[in-house]
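A.B. asks: This is the structure I want to talk about, given as structure tokens.
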Amino acid sequence: MFLYNLIKFFLFLLDPEISHRITIFLLRFSLKKNNKEFANLKNIVFGLRFNNPVGIAAGFDKNAEIYKQLFHLGFGFVEVGTVTPKPQSGNQRPRVFRLKKEEAIINSLGFNSEGFDAIKIRLPSKRDIDQIVGVNIGANKESKNFIEDYKKGIENFSNCASYITVNISSPNTPGLRDLQLIENLNDLIKNINEVIEKNNNDSRPPVLLKISPDMEDEDIKSLCSAVLSDGIDGIIISNTTLDRSKLNLNEDISGGLSGVPLFELSTYKLNLVYRLTKGNIPLIGVGGIDSAEKAYEKIRNGATLVQLYTGLVYNGPEMVADIKEGLSDLLERDGFDNISNAVGADVKIK
């Protein structure tokens with residue numbers, strides 16, 4: 001921890017994006033493996049064998065440069081992206097801001113991506129059953145048809161991705177979040193299913209939706225109904241928020257907020273989705289996790305799996321091992337033989 005705090009001190013003197021590029025570079029040479037696993041954390045989800053439920057969220061390894069090395073840190077799964085069909089540079093800089101006191105980040109990156117072709121050649125040509133790598137797909141900002149972009153994503157990555165996340169919740173691409181509304185969502189899901197059927201792929205990857213914590217509860221209710229009836233395999237809750245009620249900022253910074261201030265809102269929405277889906281599909285809980293206790297709270301509120309990102313920035317790579325060990329201890333304390341038995345333990349389903 002001392003070494004990471006020393007490295008963090010110098011990295012935090014730099015622009016956040018430069019710091020991130022340095023981190024990506026250093027992780028390329030990661031040799032030490034922290035792969036201690038716990039029997040009570042193993043689970044089968046989406047038909048995939050997870051050694052543990054702790055993954056790294058999309059945004060860290062946007063262009064699939066170091067996904068293999070991230071498993072050395074002890075993650076049970078890695079999600080690369082968000083990837084767009086064509087390369088794009090994203091929004092103007094500066095576009096990433098650290099809120100050190102709140103242990104949060106605001107970003108307005110805007111899906112900066114090297115594009116489908118560049119990412120596809122870095123991934124295995126066939127799905128790797130030993131390493132679960134999800135691909136988070138998005139749409140180009142200047143696209144005339146967002147749904148066509150997502151169809152291309154399904155076509156490009158269905159053979160190599162362990163699962164595909166359809167990211168319709170970034171606040172940094174104008175109009176993208178409208179796809180979460182039922183009148184647009186039904187069309188999106190219909191088109192996704194048509195692509196899958198056209199490919200005639202018996203081993204189709206699970207397809208997940210990543211949603212915004214800023215959705216109205218009624219819209220979430222409609223979304224859950226569509227997901228259950230139309231064959232989407234899971235939901236990730238949640239993306240970043242535009243809400244600033246937990247902050248005391250002297251200036252207006254545009255973009256999505258992640259980190260500790262997002263935890264309460266994203267966990268409430270997670271609980272809501274679990275209630276609405278009655279535990280019938282797996283959910284991935286994201287937002288503000290920086291300890292085993294918070295990961296456990298996500299799980300008890302309906303998450304089968306959890307993802308980290310901002311917490312890793314502030315607490316360092318050892319946090320992954322600490323969360324896994326802590327989760328294992330918490331399950332034993334509460335009498336759960338396996339993590340699957342704790343999912344939704346705090347949710348009252350009518």
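A.B. asks: At a 10 Å Cβ-Cβ cut-off, how would you order Tyr314, Tyr296, fewest neighbours first?
C.D. replies: Working: Tyr314 18, Tyr296 25.
Exposure proxy ranking, most exposed first: Tyr314, Tyr296.
A.B. asks: A further question follows. Let me spell out the model: positive unit charges on the Cβ of Lys and Arg, negative unit charges on the Cβ of Asp and Glu, origin at the Cα centre of the stretch 2-341. What dipole size does that give, in debye rounded to 20?
C.D. replies: Working: 40 positive and 43 negative charges, 164 e Å.
It comes to approximately 780 debye.
A.B. asks: Next question. Counting Lys and Arg as +1 and Asp and Glu as -1, what is the net charge of the other residues whose Cβ lies under 10 Å from the Cβ of Val286? Intermediate values should be presented prior to the final figure.
C.D. replies: Working: positive: Lys210, Lys298; negative: Glu79.
Summing Lys and Arg as +1 and Asp and Glu as -1 gives +1.
A.B. asks: Give, as a single signed number, the net charge of other residues whose beta carbon lies under 12 Å from the beta carbon of Leu109, with Lys and Arg counted +1 and Asp and Glu -1. Mind dumping the intermediate values first?
C.D. replies: Working: positive: Lys62, Arg93, Arg95, Lys141; negative: Glu17.
So the surrounding residues net to +3.
A.B. asks: Give me Glu102, Glu318, Glu197 sorted ascending by neighbouring Cβ count inside 10 Å, so fewest comes first.
C.D. replies: Numbers: Glu102 18, Glu318 15, Glu197 10.
In order of increasing Cβ crowding within 10 Å: Glu197, Glu318, Glu102.
A.B. asks: Cross-link list Lys62/Lys141; Lys151/Lys269; Lys86/Lys120; Lys8/Lys101; Lys269/Lys348: which exceed 18 angstrom alpha carbon to alpha carbon?
C.D. replies: On the way: Lys62/Lys141 16 Å; Lys151/Lys269 27 Å; Lys86/Lys120 12 Å; Lys8/Lys101 15 Å; Lys269/Lys348 14 Å.
Over 18 Å apart, Cα to Cα: Lys151/Lys269.
A.B. asks: Under the √(5λ) rule applied to the eigenvalues of the Cα gyration tensor, what semi-axes describe the equivalent ellipsoid of the stretch 234-350? Give them in Å, descending.
C.D. replies: Numbers: eigenvalues 125, 69, 21 Å².
Computed over the stretch 234-350, the values are 25, 19, 10 Å.
A.B. asks: Quick one: net charge of Phe38's neighbours, Cβ under 10 Å, K/R +1, D/E -1?
C.D. replies: Details: positive: Lys36, Lys42, Lys324; negative: Glu37, Glu325, Asp329, Glu332.
Cβ neighbours under 10 Å give a net charge of -1.
A.B. asks: Turning to a different aspect of this structure: How much of the DSSP bridge set in the chain is antiparallel, in percent, rounded to the nearest 5? Each step should come with its number before you reach the end.
C.D. replies: Working: 13 of 41 bridges.
Once the DSSP bridges in the chain are tallied, antiparallel ones form about 30 percent.
A.B. asks: Among Ile56, Ile323, Ile147, which comes first, then next, by fewest other beta-carbon atoms within 10 Å?
C.D. replies: The most exposed by this proxy come first: Ile147, Ile56, Ile323.
A.B. asks: Taking Rh as the Kirkwood radius computed over C-alpha pairs, what is the Stokes-Einstein D of the chain at 25 °C in a medium of viscosity 0.890 mPa s, expressed in µm² per second?
C.D. replies: It diffuses with D of about 122 µm²/s by this estimate.
Throughout, read-outs are computed from the coordinates displayed, never taken from laboratory work. Keep in mind the model is a prediction, meaning the values are calculated, not measured. Glycine gets a Cβ as well: all are built from the backbone with ideal geometry, and neighbour counts include every protein chain shown.
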